[in-house]
1. Would you point out the residue of region 127-140, among those that are over 9 Å from the mean Cα position of the chain (by Cα) and surrounded by 24 or more Cβ atoms within 10 Å (Cβ to Cβ), that is farthest from Ser186 (Cα to Cα)?
2. Taking region 161-178, which residues are surrounded by fewer than 21 Cβ atoms within 10 Å (Cβ to Cβ) and either more than 16 Å from the chain's Cα centre (by Cα) or outside any strand (DSSP E or B) (or both)?
3. What's the number of the only condition in (1) more than 11 Å from the chain's Cα centre (by Cα); (2) open to solvent by 40 Å² or more (accessible area, probe 1.4 Å) that Gly154 fails to meet?
4. Please count how many residues of region 80-96 are in contact with a strand residue (DSSP E or B) (Cβ under 7 Å, 6 or more places away or on another chain), in contact (Cβ under 8 Å) with a residue 40 or more places away in the chain, crowded, with 20+ Cβ neighbours inside 10 Å and farther than 19 Å from Phe160 by Cβ.
5. Please go through region 28-41 and pick out each residue that is more than 17 Å from Asp85 (Cβ to Cβ), open to solvent by less than 60 Å² (accessible area, probe 1.4 Å) and outside any loop (DSSP other than H, G, I, E, B).
6. For region 144-151, state whether one or more residues are touching a residue at least 40 places away in the same chain (Cβ under 8 Å), outside any strand (DSSP E or B) and open to solvent by 20 Å² or more (accessible area, probe 1.4 Å).
7. Could you say whether any residue in region 184-193 is under 21 Å from Ser83 (Cβ atoms), hydrophobic (A, V, I, L, M, F, W, C) and buried (at least 21 other Cβ atoms within 10 Å of the Cβ)?
Amino acid sequence: MITDLVSTTDSNENFMTIQSQKIRIVVAVISLLLPWMLRRIFLQLTLGYQLHPSSKIGLSLVMPRMLVMKANSKIGNFNVCKSLDTLMLENSASIGRFNLITGYSTSTVGSRSFTHEPDRESVLLVKRHAAISNRHLIDCTNKVTLGQYSILAGYSSQLFTHSVNLKESVQASHSIEIGDYCFVGSCSVILPGSKLPDYSVLGAKGLLSKKYLQTYYLYAGVPARPIKPLPEDLGYFNRRSGYIY
């Protein structure tokens, strides 16, 4: 009887989670019909999102479990953000247009994937004055961090936080960290567990596949490797505004 009770409780929890996910999708779609001033209030009341009065979302389908947008943060038009636990944009952070941001929520029902990773976080953190430009693919199965004043620039970069562990024959995930004042060129690929250190540049079409620690460096190539040091007095590394005119 105890086993039956536990089974019934689990089934009820799974049902409620599925219903919550469906409601979230419906609310996100309906909200697109509202002007932003009303949409912001609607999303706060219905989904519990934390949206600063000066934040703004364009015509985009944004539906993580939790959305936090601080002062002057912006999400442009035609983005899709789904299936992750948290999307957080700090002060003056921005996401451009036509980006696909996906994840694998820790509340996903009925799946055995990633059960061996109890500390996994499905999160995208865009720190203050950082920017994601246009047409990028960002997989947030595990946490992705874009440091302050950094730019995921150009077009068509791909960030992957999960893959298949061939030895263990399981899906595995690892976080990605892009440090402060970094510049990621067009069509770059960043693989699970990679780190681009502070004050660094990843050249266009680079493949970052490991953690680097040396700051003020250009990394490039397939796979990416340190190419040459960069001067510390570059204007990009010393600016106080995220947007470059």
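1. Let us first name the residues in region 127-140 that are over 9 Å from the mean Cα position of the chain (by Cα), namely 127-137.
Then keep just the ones that are surrounded by 24 or more Cβ atoms within 10 Å (Cβ to Cβ); that gives 129-130, 132, 136.
On the way: His129: 19, Ala130: 16, Ile132: 11, His136: 9 Å.
The selected residue is His129.
2. Ser163, Val164, Asn165, Leu166, Lys167, Glu168, Ser169, Val170, Gln171, His174, Ser175
3. (2)
4. Total meeting the criteria: 2.
5. Ser31, Trp36, Arg39, Arg40
6. Looking through region 144-151, at least one residue is touching a residue at least 40 places away in the same chain (Cβ under 8 Å), outside any strand (DSSP E or B) and open to solvent by 20 Å² or more (accessible area, probe 1.4 Å).
7. Scanning region 184-193 turns up at least one residue that is under 21 Å from Ser83 (Cβ atoms), hydrophobic (A, V, I, L, M, F, W, C) and buried (at least 21 other Cβ atoms within 10 Å of the Cβ).
Per-residue answers, yes or no, for (1) at pLDDT 95 or above; (2) at positive phi; (3) in contact with a helix residue (DSSP H, G or I) (Cβ under 9 Å, 6 or more places away or on another chain):
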residue: Thr9; (1), (2), (3): no, no, no
residue: Leu33; (1), (2), (3): no, no, yes
residue: Leu38; (1), (2), (3): yes, no, yes
residue: Met66; (1), (2), (3): yes, no, yes
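The values are calculated or read from the model by the stated rules, or taken from the named source; none is laboratory data. Note that this is a predicted model, so its numbers are computed, not measured. Virtual Cβ from ideal backbone geometry, glycine too; neighbours counted across all protein chains shown. Note: areas computed on protein heavy atoms with side chains; ligands, DNA, RNA excluded. Shrake-Rupley method; radii C 1.70, N 1.55, O 1.52, S 1.80 Å.
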